[in-house]
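The values are calculated or read from the model by the stated rules, or taken from the named source; none is laboratory data. On a predicted model such as this, the values are computed, not experimentally measured, just so you know. Here the Cβ positions follow ideal geometry from the backbone for every residue, glycine too, while neighbour counts run over all protein chains shown. All accessible areas refer to the heavy atoms of the entire protein, side chains included, with ligands and DNA or RNA removed. Shrake-Rupley method; radii C 1.70, N 1.55, O 1.52, S 1.80 Å.
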Amino acid sequence: MEYGKITQEGIDYIISVTAPDRVFTGEAIEYDYCHDEMPEYGTSRPDVVVQAMSTQEVSAIMKYAYENRIPVTPRGAGTGLAGGAVAIYGGIVLSLEKMNRILEWDLDGLTAVVEPGVLVMELANAAMEKDLFYPPEPGEKTASIGGNVMTNAGGMKAVGYGVTRNYVVSMEVVLPNGKIMQFSSNVAKNTSGYDLKDLIVGSEGTLCIATKLRMRLIPLPKYSYTLLVPYETLESCIGTVPRFINSPITPIAIEFMPQQLLLDAEKYLGKVMPHKTSAYYLILMFNGMTKEDVEKQCDKAAQICFEAGAEDVFLCNTEERKEAVWSVRSAALEAIKASTTDSDECDIVVPRNAIADFVQYADAKSREYGIRLMINGHAGDGNTHIQLCRDDMPKEKFEEQTPLLMNDLYAKAKEAGGQVSGEHGIGHARAGYLENFMGEDMIDLYRGIKCAFDDRYILNPGKVIRVKES
Amino acid sequence: MKIVVCIKQVPGTNKVEIDETTGVLKRDGAEAKINPYDLYALETALRLKEKTGGTVTAVTMGPDQAIDMMKESYMMGVDDAYIFSDRTFAGADVLATSYTLAQGIKAMGDFDIIVCGKQTTDGDTAQVGPAIAEYLGIPHAAWVSGISDIDGSGIEITQEFVNIRQTARVSLPCLITVEKDIFTPRLPSYRLKEETKDREVHILTFADFADQNKAHYGLKGSATSVERIFPPETAGSQIFLDGTAVQKAGELINILHEKRYI
């Protein structure tokens, strides 16, 4: 694929449709725009960074890029974990961080219209002030809503509330050729034509750029308790999860953490878990509108955990106690990265009843390859976050062994009926693995969809599907 | 060793409104929880018990609703719990509260050490602990941030002051108030909930106390009265810095220097 090169004339044009203080080139481009949260997958300096402030600006930039075949990488807060917001083909990084206004509250229909640069925590906090709740909660709360929609982020509460897709009502988008379109509207259901809104959710900015998003909200639960559940063995810990799938109570979150992670969080980040002497832990969350309801759910959950072999069940019923537990969980990625020299990760998702088997397989592979695996994540929806830690293994050997181990894990996931990524997305880091996993026919179908939106392959090229060399 | 720990119920959130006319916290319908500072006292008491053997008894002054909090203390490993509850005790200030607690502890019998939190999140006086010790005529140490040893006759403690750290040995029986973070508080356990589900919470009333002079308790026994209570005005303001990351960091450092934060 031959791309055009951005010229001074092009830069002048971009400045003319935006503003000089929002266009950066050369050394003025901060390093932050060259990577996401996984710089291990490679950094890349774009030719231009432009911070858009409106749909019209995005449209004007895309028109220029389309006509001149300039690659454009849309970017939110840059907190992704698959290299999705990294301009691997150079060109323009189109930052939406300054499009960060909450435009409308629809308190009758319980929706809010936001610009893509609004941070997840900003929407969540603003909703809370109105006694409303925006449930998706990725580990990184400083992620942008736009980025969350484009990766269909899940997070801790996906077991109870579902993923970001469940909260996208409609969207305004700019197509690669600059056309502004509206996908769906403020309706509760819709069978009018292809559901493009749902196609765009999770498309990682490869099909169009969302410039306005109407997000669904729900009434704020009045009570939320967390249970910290210690186990002696991996089998009994992970084996608890399927028991909840079949039970009448639904935890909002079921998180899995091994002891080593708690110790690393304390050692490197100073975050102390109130209990840390057991080998494995589950963290469960229950929400409700009355105290009695939440207490009843916790009592029942405790019983289920004990039956599955839990050593004890600890109650977190105050802000301080919940914070003590969840702040450790939220620091997992940081703690793992701090504990090792280099790392790689995957977020394979398997059917919920296959999670125990998969975690045990990964654990065995860790020993076989001599690579330390830190396995944690959203056990309740079958989504594991597996971090491969280099520690003192020679770099070359780690780089050689990592793809082999990854291939084994993906093959196992496929055998179990799983998928490559549960919520982090493909980006460019996992595009090769996705190709192997999906096979040629599926990738051809993806290419067809890509071409329907972006026949010039200018929007976030190399992400999800690789650009064919021609 | 007989260890006593004083705990108090406080509003469950920091969003409790104040009735500006009466100067009273609007507690109706508000969730209550154990004063967060008292969790450190509870943890300290339980660790002392683990080290020396014996029992931990939790005490509180307040209405019977405190029973939930006391049951929760059983879920954390407390052996026995007492609520000092009587209409006579209502409206107590620091002085009357400390006196009531001291009387109640006396009525319970002998003890070796009393552990209190540093302060409460609703009253914030940090005086009740030391005042109890004064009423009981026992030595006390505040701001305890560490315990290095305890035996049948005394306890060796570390205290954090503004400029110095002091280690001291205090003879038993005594009272200590402990700093936040002396130990990480444990969480309530469902295993202990099951084990203690039939354990009673004792209620002591005015009639159980040695001093039968009502003028020493509650509103009558209080030396202070609150004239006005109001939420402080918040003086938060934001500054936005422009420029590159390096420029912004430099400017931030200048501002922090000017304001003497660094």
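How fast does the range A:146-237 diffuse by Stokes-Einstein, in µm²/s, taking the Kirkwood radius from C-alpha pairs at 10 °C and 1.306 mPa s?
For these conditions, the coefficient is 103 µm²/s.
If you find the alpha carbon centre of the range A:200-254 and of the range A:435-458, how far apart are they in angstrom?
Distance between centres, Cα-based: 30 Å.
Per-residue ellipticity at 222 nm for chain A, helices alone: DSSP H runs ≥ 4 residues times -39500 (n - 2.57), over residue total, nearest 500 deg cm²/dmol?
Numbers: 15 runs with 168 residues, N = 470.
Value at 222 nm, helices only, nearest 500: -11000 deg cm²/dmol.
Given the peptides A:277-284, A:340-347, arrange them by the average over their residues of other C-beta atoms within 10 Å, most packed first.
Numbers: A:277-284: 22.0, A:340-347: 19.1.
Answer by packing, highest mean first, reads A:277-284, A:340-347.
What does the highest-first list of A:89-97, A:55-63, A:232-240 look like by mean Cβ count within 10 Å?
Details: A:89-97: 23.3, A:55-63: 21.6, A:232-240: 18.9.
Highest to lowest by the protection proxy: A:89-97, A:55-63, A:232-240.
Angle, helix A:355-369 long axis vs. longest principal axis of chain A, Cα atoms, 0 to 90°, nearest 10?
Orientation of helix A:355-369: about 80 degrees from the principal axis.
Please compute the Cα-Cα pair-distance distribution of chain A with 10 Å bins starting at 0, giving whole percents from short to long.
Calculated over all Cα pairs of chain A, the distribution is 4, 20, 29, 26, 16, 4, 0, 0 percent.
For A:ARG466 and B:ASP124, what is the calculated FRET efficiency with R₀ set at 45 Å and r taken between the beta-carbons, to the nearest 0.05?
Details: r = 62 Å, r/R0 = 1.37.
It comes out at approximately 0.15.
From the backbone phi of the range A:101-107, what are the Karplus-calculated ³J(HN,Hα) couplings (6.51 cos²θ - 1.76 cosθ + 1.60, θ = phi - 60°) in whole Hz, Gly and Pro given as x?
9, 8, 8, 7, 10, 9, 6
Accessible area drop of at least 50 Å² (1.4 Å probe, protein heavy atoms): which residues of the range A:7-30 qualify, relative to the chain alone?
Buried by the other chains: A:GLU30.
A drop of at least 30 square angstrom in accessible area, chain alone versus all protein chains together, probe 1.4 Å. Which residues of the range A:297-318 meet that?
Listed in order, they are A:ASP299, A:PHE306, A:ASP312, A:PHE314, A:LEU315, A:THR318.
Report, as an integer, the average count of C-beta atoms from other chains found within 10 Å of each Cβ along B:189-200.
Details: counts 8, 14, 7, 2, 4, 4, 0, 0, 0, 0, 0, 0.
Mean inter-chain Cβ contacts per residue within 10 Å come to 3.
Ranking request for peptides A:402-413, A:219-230: highest mean number of other beta-carbon atoms within 10 Å first, then the rest in descending order.
Details: A:402-413: 17.5, A:219-230: 19.9.
Result, highest mean Cβ count within 10 Å first: A:219-230, A:402-413.
Across peptide A:376-388, how many C-beta atoms of other chains are within 10 Å of each residue C-beta, on average?
Whole-number average of other-chain Cβ neighbours for A:376-388 is 0.
Can you give me the span-like helices of chain B, meaning DSSP H runs with 15 Å or more of Cα extent along the axis and Kyte-Doolittle mean at or above 0.0? It would help to have the intermediate numbers written out before the result.
Values: long enough: B:36-52 (25 Å, -0.56); B:94-108 (21 Å, 0.82); B:245-258 (20 Å, 0.21).
Going by DSSP H runs, the hits are B:94-108, B:245-258.
Using the Cα gyration tensor of the range B:2-216, with a ≥ b ≥ c the square roots of its eigenvalues, what is the shape: rounded (a/c below 1.5), prolate (a/b larger than b/c) or oblate (neither)? Show your work: numbers first, answer last.
Details: a/c = 1.31, a/b = 1.25, b/c = 1.05.
Rounded is the answer for the range B:2-216, as its axis ratio a/c remains below 1.5.
With the full set of protein chains in place, find how many percent of the accessible area of chain A is carbon and sulfur; take the probe as 1.4 Å.
On the way: 9330 of 18780 Å².
Percent of accessible area from carbon and sulfur atoms in chain A: 50.
Quick one: what are the phi-derived ³J(HN,Hα) couplings along the range B:228-234, Karplus 6.51/-1.76/1.60 with θ = phi - 60°, whole Hz, x for glycine and proline?
Once rounded to whole Hz, the list reads 8, 9, 7, x, x, 6, 8.
The range A:303-373 to the range B:169-203: how many Å between their Cα centroids?
Taking the Cα centre of each part, the range A:303-373 and the range B:169-203 sit 30 Å apart.
What number comes out for accessible area per residue over the protein assembly as shown if the probe is 1.4 Å? Units Å², please.
On the way: 33220 Å² over 732 residues.
Result: 45 Å² of accessible area for each residue.
Projecting each Cα onto the charge dipole of the range A:106-152 (Lys/Arg +1, Asp/Glu -1 at the beta carbon, about the Cα centre), which of A:ASN148, A:PHE133, A:THR111 comes out farthest on the positive side?
Result: A:ASN148.
For chains B and A, what's the summed buried accessible area, probe 1.4 Å, to the nearest 100 square angstrom? List each step's numbers first, then the result.
Details: alone 15320 and 19590 Å², together 33220 Å².
So the total buried area for this chain pair works out to about 1700 Å².
Compute, for the range A:8-98, the length of the dipole vector about the Cα centre, with Cβ point charges of +1 (Lys, Arg) and -1 (Asp, Glu) only. Units Debye, rounded to 20. Don't skip to the answer; put the middle values down first.
Working: 6 positive and 13 negative charges, 55 e Å.
Using only the charged Cβ atoms, the result is roughly 260 debye.
Jot down the radius of gyration and Dmax of the range B:153-260, Cα atoms only, both in angstrom.
25.9, 72
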